[in-house]
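Trainee: Following this message is one structure expressed as structure tokens.
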Amino acid sequence: MFLTMQLTATHINYYHICHRKLWLFANGIRMEQTSNTVADGKLLHETSYPQRAEKYTEIDLSATTANGTQLAGKIDFYDAKEKVIHEIKRSDKIETAHEWQLKYYIWLFELNEIYGVVGKLEYPKLKSTNKVALTESDRLYIQLVIQKILLLLASDTCPAKINSKICKSCSYYDLCYIDEV
Ligand code: SF4
């Protein structure tokens, strides 16, 4: 897995939420289908801005880093004219993870020699938006995070539970805590 796997924005996002979640996801353990939070997020995506699919483009990006790591990203709503990625989220509780997901997309654009892209995090339920840009230190940080993710995923040991407030809305909650209830 260490040599052949492809990293995506989901890996970057989960790294900033919980290393256990990242490890479970990367090892093929999926529980999104049983999660109300995930279903709610999908519905929000489909209903918040009904005209959006006509206005913006869906785009798939990929790149290979200097040391051979394959990267990919699927962006649902990209405004090619204004060079803005629109990312809709349900809640800002894990905003740091959302921000790094968007920064990763911007970096992927740069690896494809498309510069000047910015991101817009949109929270329709909160009626708020947050502009996201990529800095020089962010570029270095993302490369470091990718190395850390590869190391984490090369391990046979599932990281420990984090016992955090966010566990309640995680799709792996039952898996992590079912024996404790
Ligand atoms: S329930 Fe909590 S500990 Fe388990 S994977 Fe999710 S965030 Fe991590």
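The values are calculated or read from the model by the stated rules, or taken from the named source; none is laboratory data. Keep in mind the model is a prediction, meaning the values are calculated, not measured. Here Cβ is always computed from backbone atoms with ideal geometry, including for glycine, and neighbour counts include all displayed protein chains. Heads up: the accessible areas ignore ligands, DNA and RNA and are worked out on the full protein's heavy atoms, side chains in. Shrake-Rupley method; radii C 1.70, N 1.55, O 1.52, S 1.80 Å.
Trainee: In terms of solvent-accessible area of protein heavy atoms at a 1.4 angstrom probe, what is the ranking of 171, 91, highest value first?
Mentor: Working: 171 10, 91 30 Å².
Result, largest first: 91, 171.
Trainee: Could I ask something else about it? For the chain, would you read off the P(r) tail past 27 Å as a percentage of all alpha carbon pairs? Could you put the intermediate results ahead of the total?
Mentor: On the way: 4735 of 16290 pairs.
More than 27 Å apart: 29 percent of the Cα pairs in the chain.
Trainee: Next up: Report the accessible area of residue 30, computed with a 1.4 Å probe over the heavy atoms of all protein chains in place, in Å² rounded to the nearest 10.
Mentor: Answer for residue 30: close to 110 Å² accessible.
Trainee: Another question, if that's okay. Compute the label zone of residue 96 within the range 147-165: residues whose backbone N is under 19 Å from the point 7 Å along Cα-to-Cβ.
Mentor: Answer for the range 147-165: 147-150, 152, 159-165.
Trainee: Roughly to the nearest percent, how much of the accessible area of the chain is carbon and sulfur, given a 1.4 Å probe? Spell out each step's value before the answer.
Mentor: Working: 5300 of 10290 Å².
Accessible surface attributable to carbon and sulfur in the chain totals 52 percent.
Trainee: So for the range 115-159, what are the equivalent ellipsoid semi-axes in whole Å, largest first, each being the square root of 5 times an eigenvalue of the Cα gyration tensor?
Mentor: On the way: eigenvalues 174, 65, 9 Å².
Listed largest to smallest, the semi-axes of the range 115-159 are 29, 18, 7 Å.
Trainee: Something else now. Calculate, for residue 114 and residue 137, the FRET efficiency according to 1/(1 + (r/R0)^6) with r their C-beta to C-beta distance and R0 25 Å; round to the nearest 0.05.
Mentor: Efficiency for this residue pair is about 0.75.
Trainee: Excluding ligands and nucleic acids, what accessible area in Å² is computed for residue 161 using a 1.4 Å probe, to the nearest 10?
Mentor: Solvent-accessible area, nearest 10 Å²: 70 Å².
Trainee: What value in Å³ per residue do you get for the convex hull of the alpha-carbon atoms in the range 58-157?
Mentor: In the range 58-157, the Cα hull volume divided by residue count equals 119 Å³.
Trainee: Going from most exposed to least, what order do 113, 82 have by accessible area with a 1.4 Å probe?
Mentor: Largest to smallest exposure gives the sequence 113, 82.
Trainee: Also: Just to confirm, what accessible area per residue do you get for the chain at 1.4 Å probe, in whole Å²?
Mentor: 57
Trainee: Now, a different point. Please tell me the relative contact order of the chain in percent, rounded to the nearest whole number, where contacts are Cα pairs under 8 Å and at least six residues apart.
Mentor: This gives 27 percent for the chain.
Trainee: Compute the signed sum of charges (Lys and Arg +1, Asp and Glu -1) over the other residues within less than 12 Å, Cβ to Cβ, of residue 123.
Mentor: +2
Trainee: With springs connecting C-alpha atoms under 10 Å apart, model the chain as a Gaussian network and identify which of 83, 165, 74 has the largest mean-square fluctuation.
Mentor: Among 83, 165, 74, the largest GNM mean-square fluctuation belongs to 165.
Trainee: With every protein chain left in place, what is the accessible area of residue 164 in Å² (1.4 Å probe, nearest 10)?
Mentor: Only protein atoms counted, so the area is about 50 Å².
Trainee: I've got another one for you. Can you tell me which of 27, 13, 163 moves the most in a GNM of the chain? Springs connect C-alpha atoms under 10 Å apart.
Mentor: Result: 163 has the largest fluctuation of those listed.
Trainee: Along the Cα→Cβ direction, 7 angstrom out, place labels at residue 130 and residue 62. What is the inter-label distance in nm?
Mentor: Going by the 7 Å Cα→Cβ label model, 3.1 nm.
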